[in-house]
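Working notes, structure below.
The values are calculated or read from the model by the stated rules, or taken from the named source; none is laboratory data. Not measured: the values here are computed from a predicted model. Positions of Cβ are backbone-derived with ideal geometry, glycine not excepted, and every protein chain shown enters the neighbour counts. In case anyone asks, the SASA skips ligands and DNA or RNA and just uses the protein heavy atoms, side chains included. Shrake-Rupley method; radii C 1.70, N 1.55, O 1.52, S 1.80 Å.
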Amino acid sequence: MDAFTDPKVKKETVVAASQVGKSEVELNMIGYIIDQDPGSTLYVQPTLDDARKFSRLRIAPMIRDSKPLRKKVSDVKSRDSGNTILQKSFPGGMLTITGSNSPSALASTPARYIIGDERDRWASSAGTEGDPWALAEARQATFYNAKSVEVSTPTIKGASNIENGFYAGTQERWCHQCPDCGEYRNIVFDNIHFDHEVKKIRNKKAYTVKNITWCCPGCGCISTEATMRKQPAKWIAENPDAYQKKGHRSFWLNAFSSPWTPWEKIITKFLEAQGDSEKLKVVFNTLLGELWEDRGDLE
């Protein structure tokens, strides 16, 4: 949330694997807007169906369970609330929830804030109106304090909207300190070492993974998952000038930093996907947090 509340930041791009808290970050942003810094807000999901589902299952419970938000956003069932599943009014602003395939909402709703979820799954064009992100950003033209956030699991290298956004920003990666040399490193699959056994049960391969460690690419120090989870960690930017020049911070995070995903699960999913490029693509995108490209050597 630090970047979101920083007045110098005009745009955020977040590239992250699944189950690392992307939706929670977005919900916190929405809650902050409603309660602390109200303004017209456009929250965009890939489709209208996605938008309705997210509103019912995530936004509505957040408002219901938060006393400050509940005081400011009337219940949808209230006859005079002015609120619907896709619109939430609050003092000082309105939250419009829509899909990238809905040109009417994207082209007609002035918005100080734009939050775009799963950008790589967006429609290539909102009807016949063109690029949905460009349409949405055009609604911010009259706001001196506008802020936009795009979030997505990465997809195909060279054809990824979120990839373009990341490289236009500060290019920050979540790095852990090596307990031996003290350098901060991004934990990636190429530096994970492990042993595994495979058995066939009813003609299906069953994998047992053990002796999982991380090897520091700098000093070669071998550390366990438990050790690395206790190490200090911080964002390190490869292009810090983007903050000063454009107010654009961008972040990349994979599942090795997720508190909900053990390394054993990531490795097992990788092994189970061998020989199936579609399954391997899912592992690369949703767990390793990497763009997919033809890597036949790993199949």
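Out of all the residues in the range 145-158, which are assigned to a loop (DSSP other than H, G, I, E, B), open to solvent by less than 10 Å² (accessible area, probe 1.4 Å) and either within 12 Å of A111 (Cβ to Cβ) or out of contact with any Leu (no Cβ under 9 Å at 6 or more places or on another chain) (or both)? Once the filter is applied, which keeps residues that are assigned to a loop (DSSP other than H, G, I, E, B), open to solvent by less than 10 Å² (accessible area, probe 1.4 Å) and either within 12 Å of A111 (Cβ to Cβ) or out of contact with any Leu (no Cβ under 9 Å at 6 or more places or on another chain) (or both), the range 145-158 yields nothing.
Quickly run through the range 168-179 and pick out the residues that are over 15 Å from G289 (Cα atoms) and either of a type in the set (S, T, Y) or not in a helix (DSSP H, G or I) (or both). Residues satisfying the conditions are G169, T170, H176, Q177, C178, P179. Identify the residue in the range 108-120 that is of a type outside the set (V, I, T) and assigned to a loop (DSSP other than H, G, I, E, B) and, among all such residues, is surrounded by the fewest Cβ atoms within 10 Å (Cβ to Cβ). If we take residues in the range 108-120 being of a type outside the set (V, I, T) and assigned to a loop (DSSP other than H, G, I, E, B), then P110 is surrounded by the fewest Cβ atoms within 10 Å (Cβ to Cβ).
Results for (1) closer than 19 Å to T213 by Cβ; (2) touching a helix residue (DSSP H, G or I) at 6+ places or on another chain (Cβ under 6 Å); (3) at pLDDT 95 or above, shown as yes or no for each residue.
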site: P240; (1), (2), (3): no, no, yes
site: R249; (1), (2), (3): no, yes, yes
site: S258; (1), (2), (3): yes, no, no
site: P262; (1), (2), (3): yes, no, yes
site: I267; (1), (2), (3): yes, no, yes
site: E278; (1), (2), (3): no, no, no
site: G289; (1), (2), (3): no, no, no
site: G296; (1), (2), (3): no, no, no
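For first residues located in the range 15-28 and within 20 Å of S55 (Cβ to Cβ) and open to solvent by less than 70 Å² (accessible area, probe 1.4 Å), partners that are at pLDDT below 90 and not in a helix (DSSP H, G or I) and lie 6+ apart or on another chain with Cβ distances below 6 Å form the pairs K22/A16.
Total residues in the range 200-216 satisfying the condition of being farther than 27 Å from G21 by Cβ, modelled with pLDDT of 95 or more and outside any strand (DSSP E or B): the figure is 0. Looking only at residues in the range 121-144 that are outside any helix (DSSP H, G or I) and without any contact (Cβ under 8 Å) to a residue 12 or more places away in the chain, the one that is least open to solvent (accessible area, probe 1.4 Å) is G130.
Take the range 159-199 and flag every residue that is among the acidic types (D, E), modelled with pLDDT of 95 or more and open to solvent by 60 Å² or more (accessible area, probe 1.4 Å). Within the range 159-199, D180, E183, D190, D195 qualify.
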